[in-house]
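Down below is the structure, laid out as structure tokens.
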Amino acid sequence: MGPTDAPTVADAGEAERLEALRELGLDGEPETPDLTGIPQLAAQVCDRPWAGVSLVQEDTHRFIASNAPFPDVLPRKQSLCSRAIEAGGSCVVVNDITVEPPYDRIPIPEEYGLRFYAGAPLRSPGGHELGTVCVMDQEPGSLEEPTRQALSTLSSFVSLHLALHQRTNELQAVNEELSRFTSFVSHELTDPLSQILSNLDMLTADLAEVPVEQDVRELAQEAFAGARWMDRLVKDLLRYAQTSDRRLEVGEVDLRATAEDAADMLEHRIEGGTRAVQVGDLPMVQADANLLRRVVENLVRNALQHGEPPVEIHGEDEGEAWRICVDDHGPGLSRDERQELFELFATGGGSRSSSGIGLALCERIVHRHGGDIGAKAAPTGGARFWFTLPKDPVSGAR
């Protein structure tokens, strides 16, 4: 709680501090759920009844977590925390608020009956003091040096938590903007590309019927192939963007039937009439059926394009999750290749057989279900692509 005369925005240092506070992205939020245990911990460490995590705003003081019987939002002129961050240092201790200047001049409501206060500052990554982790009591007292250090350590932990919260919000905003941009561009390109493909298809068909030089036919065929690749890229980008926006429709999915459907659709065969895709034991899972089918299809297609058949699919029970494995008999993957596989537009050597989006899309879908995905060497000598799905979809869906 703070000084009788709050600093003005005209103060350059205060303006920078308030800007750092706004960048946290906590304006208007209720108590921050991840911090609800901090006041109880601080109170226990300091052996005081009340504690809180505060932010000192331009005109107000706000607890974002507290066990004290005070309003969460107070006028800044009533804020001890405001005065504490002005004082600087690692931890401010006021043994008796009623007799120690300048704290004795703060107009704290009498019904609070506060006598003791200690606060350790919360600092932004840029070093600005944003608020405190504080403890309070209606009895005068003191705080030994080891306890002061413990309170300062706790405030450093909360400062780190708030910085991570800020960074997460920033990254989420960037991802949302990229998703909107990708979706817009993809939609805008879909119709023109469809028209170009149609015209090039008719052109190549017409050229096959008239006497023209072979170079002309080849140029038309190359243009048609390039347009088809661009069309596939745009559609994959649109799917990638839409995957983040759509709500998961989780239900029971027969993963074996999904894999069999993927194998039938791809219709790859190897010598001797053996199926190129061999489906082993796979469980019933809780997932979004359409998105999960896309993961299976992409992984099988990737194995057939970049590995060698037969491709084998099976599941493993890991207790709280299922691990689904897709193995091929190809040359395998180098360590460098494994690190880049799930990056957007990674094409494994720049081949136009892939848009470079399929594996990134798989990663996004699996992560939204609360699972993980990766690649390693398979017992077959080729590559194994695997992903996990929690048996309880509520435990990790994003």
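The values are calculated or read from the model by the stated rules, or taken from the named source; none is laboratory data. What you are looking at is a predicted structure, and each value in this text was computed from that prediction instead of being measured. Neighbour counts are summed over all protein chains in view; Cβ atoms, including those assigned to glycine, are modelled from backbone coordinates with ideal geometry.
Yes/no matrix, rows are residues, columns are (1) in a loop (DSSP other than H, G, I, E, B); (2) over 20 Å from Ala276 (Cα atoms); (3) modelled with pLDDT of 70 or more:
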position: Ile324; (1), (2), (3): no, no, yes
position: Leu344; (1), (2), (3): yes, yes, no
position: Gly349; (1), (2), (3): yes, yes, no
position: Gly356; (1), (2), (3): yes, yes, no
position: Cys362; (1), (2), (3): no, yes, yes
position: Val366; (1), (2), (3): no, yes, yes
position: Trp386; (1), (2), (3): no, no, yes
position: Val394; (1), (2), (3): no, yes, no
position: Arg398; (1), (2), (3): yes, yes, no
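Criterion first (part of a loop (DSSP other than H, G, I, E, B), without any contact (Cβ under 8 Å) to a residue 40 or more places away in the chain and either surrounded by fewer than 23 Cβ atoms within 10 Å (Cβ to Cβ) or in the same structural domain as Ala42 (by TED's automatic domain parsing) (or both)) does Pro107 satisfy it?
Against the criterion (part of a loop (DSSP other than H, G, I, E, B), without any contact (Cβ under 8 Å) to a residue 40 or more places away in the chain and either surrounded by fewer than 23 Cβ atoms within 10 Å (Cβ to Cβ) or in the same structural domain as Ala42 (by TED's automatic domain parsing) (or both)), Pro107 does not qualify.
Cβ separations smaller than 9 Å between residues 6+ apart or across chains give the following pairs from the stretch 282-309 residues that are part of a loop (DSSP other than H, G, I, E, B) to residues that are of a type in the set (Asp, Glu) and buried (at least 23 other Cβ atoms within 10 Å of the Cβ): Gly307/Asp327; Gly307/Asp328; Glu308/Asp328; Pro309/Asp328.
Name the residues in the stretch 229-268 that are in contact with an Asp or Glu (Cβ under 8 Å, 6 or more places away or on another chain), charged (D, E, K, R) and modelled with pLDDT under 90, would you? Scanning the stretch 229-268 gives a single hit, Glu249.
For the stretch 51-93, the tally of residues that are out of contact with any strand residue (DSSP E or B) (no Cβ under 9 Å at 6 or more places or on another chain) and crowded, with 24+ Cβ neighbours inside 10 Å stands at 0. When we screen Ala84, Ala120 for residues that are among the small types (Gly, Ala, Ser), in the same structural domain as Glu16 (by TED's automatic domain parsing), touching a residue at least 40 places away in the same chain (Cβ under 8 Å) and within 21 Å of Leu160 (Cα to Cα), the only hit is Ala84.
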